[in-house]
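Read-outs throughout are calculated quantities, based only on the coordinates presented, and are distinct from any laboratory measurement. Please read these numbers as outputs of a predicted model, since none were measured by experiment. As a convention, Cβ positions derive from the backbone with ideal geometry for all residues, glycine included, and neighbour counts pool all protein chains shown.
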Amino acid sequence: VNELARASLLAAELRALEVDWLLVSTPVNVRYLTGYSGSNGLALIAAGERADSPPKHRFFTDFRYATQSAEQVPDGFEREIAPAELLEAAARALGSGGSEGERTLGFDDASLTVKQHHRLRELLAPGWELVPCAGVIERLREVKDQQEVARIRAACALADAALTETLEAGVVGRTERELAIELELRMRRLGAQAPSFPSIVASGEHGALPHAEPRDVSITRGVLVTIDWGAYLDGYCSDCTRTYATGPLDQEASAVYELVLGAQEAALAAVRAGVGGREVDGVARSIIEQAGYAEHFGHGVGHGVGMEIHEAPRLSRTAGEEPLRAGNIVTVEPGVYVPGRLGVRIEDLAVVGDSGHERLTSLEKGLTMLD
Ligand code: ZN
Ligand code: ZN
């Protein structure tokens, strides 16, 4: 089972950090490690003594999720339906801290609230030391296993199909909001649980806002339309952007389109294991800079995508030194935004490989005219 393999990898990390148990409280991390997709769940991951004697991890939920958790959580976890507060059940399961020295419980200091931390301290027997462990699971999540790659590939294919269907009826005369609603509806009809984020449809000068909200404004002829959308399917997100033309463009608009396309393709070509996120960003940025549009490309060139729409690693000017690793899934999405005039962004999602990458989003990138 994938989930248990992940828990074993995590246990090895915990042994290295000298943490005896890790309390997993963030829903997305609980799902990653146990497969449980309900809203109320907690997991305790045991570091164990040695890799060859796997300990029993623990999972807690309430009676509403008894059946669901029995189906989703693998047998490597001891399941408990807690009568009341899950934290209390977890503290009880951990038992005494022992007399010969302290025992350590890791927790996610990036998501556990101050109130929950206080409560946990109150519930734990003496002898337990709380150790901040934010990021340990997120770090594992950066490298996707085969099941995860397959799920993201499926989410991308679904999103591509939904947009293709949506554009068949043309876009001129329809509002940005109508188009966004239809796209989201089609994604759900094709099987998505939801869009992976609120869809962006931005035409003409509105395209200059990188995170534009779709307006009740009709799309006119001869402008650029940027569409940024994704599907959420089986716990995983897709993310893609295409910019289309609604008829012949003025000279600046076509030049900016070709510029962004060239920058996107060059940066994407640089994606492989061992290359830094800053380096990939630099490939796109230098092309845009040389064309005189540096100030109009204000965001990083990409980000990781997985169970969440924005994950590590980041591909930007401020990214760390850490190079990309095989199994990272990242976007490459340079854009040029000229305030009051236009915007172009082109985004693909790709799996990082040892000697290159596999692109998961497959729609055409050459300038396409829509009716
Ligand atoms: Zn996007
Ligand atoms: Zn993105």
Per-selection Rg to Rh, the chain - Cα, Kirkwood hydrodynamic radius: 1.05
Distance in nm between pseudo-label sites at Leu9 and Glu165 (7 Å out along the Cβ direction from Cα): 3.4 nm
Taking neighbour Cβ counts within 10 Å as the exposure measure, how do His299, His211 sort from fewest upward? His211, His299
Sorted by average packing, counted as other Cβ atoms within 10 angstrom per residue and highest first, what order do 245-257, 175-187 take? 175-187, 245-257
As an exercise, use a Förster radius of 35 Å and the Cβ-Cβ distance of Ala255 and Glu322 to find the FRET efficiency, rounded to the nearest 0.05. 0.50
Towards the positive end of the charge dipole of the chain, with charges on Cβ (+1 Lys, Arg; -1 Asp, Glu), say which of Gly327, Leu140, Ala155 has the farthest Cα. Ala155
Gain in length, Glu122 to Ala266, computed as 0.36 nm per residue apart minus the alpha-carbon separation, to one decimal in nm? 46.3 nm
Based solely on its DSSP helices, what 222 nm [θ] is calculated for the chain when runs of n ≥ 4 H residues each add -39,500 (n - 2.57) and the sum is averaged over all residues, nearest 500 deg cm²/dmol? -10500 deg cm²/dmol
Can you tell me which lysines have their Cα less than 28 Å from the Cα of Lys365? Leave out same-chain residues fewer than eight positions away. Lys144
Measure out, as a whole number of angstrom, how far apart the alpha-carbon centroids of the range 298-336 and the range 13-74 sit. 28 Å
When the charge dipole of the range 266-371 is computed with +1 at the Cβ of Lys and Arg and -1 at the Cβ of Asp and Glu, the Cα pointing farthest to the positive end, of Ala266, Val351, Leu370, is that of Ala266
So how far apart, in nm, are the two label points at Gln290 and Arg189 if each is 7 Å from Cα heading toward Cβ? 4.5 nm
Expressed to one decimal in nm², the mean projection of the alpha carbon convex hull of the range 31-158 is 9.8 nm²
Using a 10 Å cut-off around each Cβ, can you sort Phe197, Phe107 from fewest to most neighbouring Cβ atoms? Phe197, Phe107
Could you size up the charge dipole of the range 261-371 around its Cα centre, putting +1 on the beta carbon of Lys and Arg and -1 on that of Asp and Glu, and report it in debye to the nearest 20? 180 debye
Residue span Glu358 to Arg64: 0.36 nm per residue of separation minus Cα-Cα distance leaves a gain in nm of 101.7 nm
So what J values fall out for the range 310-322 if you push phi through Karplus, 6.51 cos²θ - 1.76 cosθ + 1.60 with θ = phi - 60°, rounded to Hz, Gly and Pro as x? 10, 9, 6, x, 8, 10, 7, 4, 9, 4, x, 6, 3
When the Debye formula is applied to the Cα atoms of the range 256-359, each taken as the same point scatterer, what base-10 log of I(q)/I(0) results at q = 0.10, 0.12, 0.21, 0.25 Å⁻¹? -0.24, -0.35, -1.00, -1.32
State to the nearest 20 debye the size of the charge dipole of the chain about its Cα centre, where the only charges are +1 on K and R beta carbons and -1 on D and E beta carbons. 320 debye
